[in-house]
Structure formats: C-alpha cells, structure tokens
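Colleague: Can you keep this structure in mind? I'll have questions shortly.
Please treat every number below as a calculation from the coordinates, not as lab data. All values derive from a computational prediction rather than experimental measurement. Cβ atoms come from the backbone with ideal geometry, glycine included; neighbour counts cover every protein chain shown.
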Amino acid sequence: MEFKGVMGGLYRISEWIMRLSVINLLWMLCSIPVFFFLFMGLVSQTPDALKATLPILAVLAPFTLFPATTAMFAVARKWVTGEEDVPLLKTFFRGYKENYLQSMLGGIFFVLIFVIIGVNYFFYLKQGSSLRVLAVLFIAFTVIMIIALFNFFSIIVHLHMKIFQIVKNSILITIGNPINSIVLLVCNGVIVYICLTKFNFFLVVFFMGAIVATFSFWQFNRSFTKLQTKQQELEEKEQQRLAEEAEAAAEGNEDANEGVVNETPVSLHKKDDNDKNRD
C-alpha cells in the first residue's frame, strides 16, 4: 500500500530513520571491541588512560572497524544507486564477508600511516621553532589521509580492484579533486560535530556512521559519474578522430588508384580481382 501526501512523506521519513538506525547499530555491533575500548578511554578522563587505549584500538581496528565500515558503505551504495528496498541484514553481512580481506589489509595500511604521522607529528612538535613547521605539514597529511579513507571505502564496494589499486586510487582521487575533497571533509565534519555535541549518545548510536557513509558514497558516486562521462567523451572523440583519419587515408588510396588507372588501364582489372580475392 502506497501512502500519498503528508502521510506518504511521514512514512518515507520513518522508513529512512529505520534504515539508517539499523545499519548504524549493525556497524557498531560488528565494531564493538573498538567502541568498547574507545569508550573506556574517554570516560577515564585522564590523558594516560586514553593513550594506553590507542595501541589497542590500532590493533583491533583493521579486523573489526574497517570490515564493518565497508559493509555499511556497501548498503549505502545500494541506497545511492537507487536500490532503496534492499534487505538490510543480508546486504550488510554480504558486504562484510565479501570485502573482509581487502578491508583488513587496507585497515592495516591506514593504521600504519596514521601511526607514522602521529609519531612524527609529536616528535617535530617538541623540537625547535624551525622544525615545528613540519608538524603542521603532518597535520595536512592527516587531513588528506582521512579524506582518502572515505574514498577507500567507496571504491572498495563499487569497483573490482586489487588492494594496492584501491589505496592508490583513493589517494589520487583525494588529491586530484581538491574541491570535492574539501566538501567531503567539511560536511562529514559538521555531521560528526552535531552528533557528538548536540545530541550525543542518541545520534552517535543510531545515525552518525550511516549518515556519514551515505553522504560519502553519494559524493564519491557523483564525482565518479562525472569522471566516467568525461572519459566516455574523450573515447568518442578519439574514435571519431581515428575514423576521420581512416576515411582520409581511404580517399588518398582512391586518388592514387585513379592515377594508376589513367596511366595503366590494363592493370586495373587485376587489382580489382585481387581486391575481390582478399574480400
């Protein structure tokens, strides 16, 4: 039964609330070790306790948080591409299972990168004023890698690639599309800020991750579609150019053949026979 008017709008809103909340809860449940230790570190309210949880989070994230986030992006991909009524549980766990290995390997890579950036940042921060500039540089690297992380999850659920190509393309897309990257970072930053500061527990548990994943894939898909269109236009222009060159070459051959006919009319018949034999 399809509702119309105000009732139809309310029904659609309630339907999307249900979808987002289910996927967000699944994401948190599949990442529960990470969220548990993160919660324990935050409630301790001491810097030392929070620092002690960071190595644990770094170890657990590639095996839990990254595959769960990929599964959430797999559902978001279905929504963005027009398949709104997909079975949520089946789609989520299929995405979790099919992309687990690549998600884990990508998670290890990104965690190592963030660890290296963090170590270098605090090292140069403690140095003299001349070297502290490098600390700012590592902050910029962190921002780039965070944006690349969103693109990583979008690529892994949308394209068939090896893990090295996925990581490489996620970074290249981030650097090659600075405007889209800034929009992605700012909008996701606003979403996270509102969820963490305004409604705290409720939005984080039920909506934050799913909204971020849906917006991130929507932004990626929009950029990817434009890129595909441009690539198709370039291919069509290249095919047209090759066709024109082939046509020009064929006309040149015809002109050459006409010259031969005028000089040696007897040999024309033999060439026609040879052409027929080749055909």
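Colleague: Considering Cα pairs under 8 angstrom that are at least six residues apart, work out the relative contact order of the chain and quote it in whole percent.
Modeller: In percent, rounded to a whole number, it is 19.
Colleague: Now a separate question. Translational D (Stokes-Einstein, µm²/s) of segment 175-245 at 4 °C and 1.567 mPa s when Rh comes from the Kirkwood sum over C-alpha pairs?
Modeller: It comes out at roughly 88 µm²/s.
Colleague: Quick check on the exposure proxy: order Trp79, Trp16, Trp27 from fewest to most C-beta atoms within 10 angstrom.
Modeller: Fewest to most other Cβ atoms nearby, the residues stand as Trp16, Trp79, Trp27.
Colleague: Could you work out the helix-only [θ] at 222 nm for the chain, with each DSSP H run of four or more residues adding -39,500 (n - 2.57) and the total divided by the number of residues, to the nearest 500 deg cm²/dmol?
Modeller: -29500 deg cm²/dmol
Colleague: Could you give the distance between the Cα centres of segment 16-84 and segment 110-179, to the whole Å?
Modeller: 20
Colleague: If we sort 29-39, 44-54, 232-242 on the protection proxy, mean other Cβ atoms within 10 Å, highest first, what's the order?
Modeller: Result, highest mean Cβ count within 10 Å first: 29-39, 44-54, 232-242.
Colleague: Also: How long, wide and thick is segment 1-93, going by the Cα atoms along their three principal axes, in whole angstroms, largest first?
Modeller: 56, 25, 16
Colleague: How high is the relative contact order of segment 169-224, in percent, with contacts defined as C-alpha pairs under 8 Å that are six or more residues apart?
Modeller: Relative contact order comes out at 33 percent.
Colleague: Write down the Kirkwood hydrodynamic radius of segment 79-191, to one decimal in angstroms, obtained as one divided by the mean of 1/r over all alpha carbon pairs.
Modeller: Its Kirkwood hydrodynamic radius stands at 16.0 Å.
Colleague: Roughly how many debye, to the nearest 20, is the charge dipole of the chain about its Cα centre, given +1 on each Lys and Arg Cβ, -1 on each Asp and Glu Cβ, and no other charges?
Modeller: Roughly 2220 debye, rounded to the nearest 20.
Colleague: Separation between the Thr225 and Gln165 pseudo-spin-labels, each 7 Å from Cα along Cα→Cβ, expressed in nm?
Modeller: 2.4
Colleague: Hey, if you put +1 on the Cβ of every Lys and Arg and -1 on every Asp and Glu Cβ in the chain, which of Phe93, Leu149, Gly209 ends up farthest toward the positive end of that dipole?
Modeller: Positive-most Cα among the choices belongs to Gly209.
Colleague: How would you rank 131-141, 175-185, highest first, on the average number of other Cβ atoms within 10 Å across their residues?
Modeller: 175-185, 131-141
Colleague: At 1.567 mPa s and 4 °C, plugging the Kirkwood radius over alpha-carbon pairs of the chain into Stokes-Einstein gives what diffusion coefficient in µm²/s?
Modeller: The estimated diffusion coefficient comes to 57 µm²/s.
Colleague: On a 0 to 90° scale, report how tilted helix 32-44 is relative to the longest principal axis of the chain, with both axes built from alpha carbons and the result rounded to the nearest 10.
Modeller: 40
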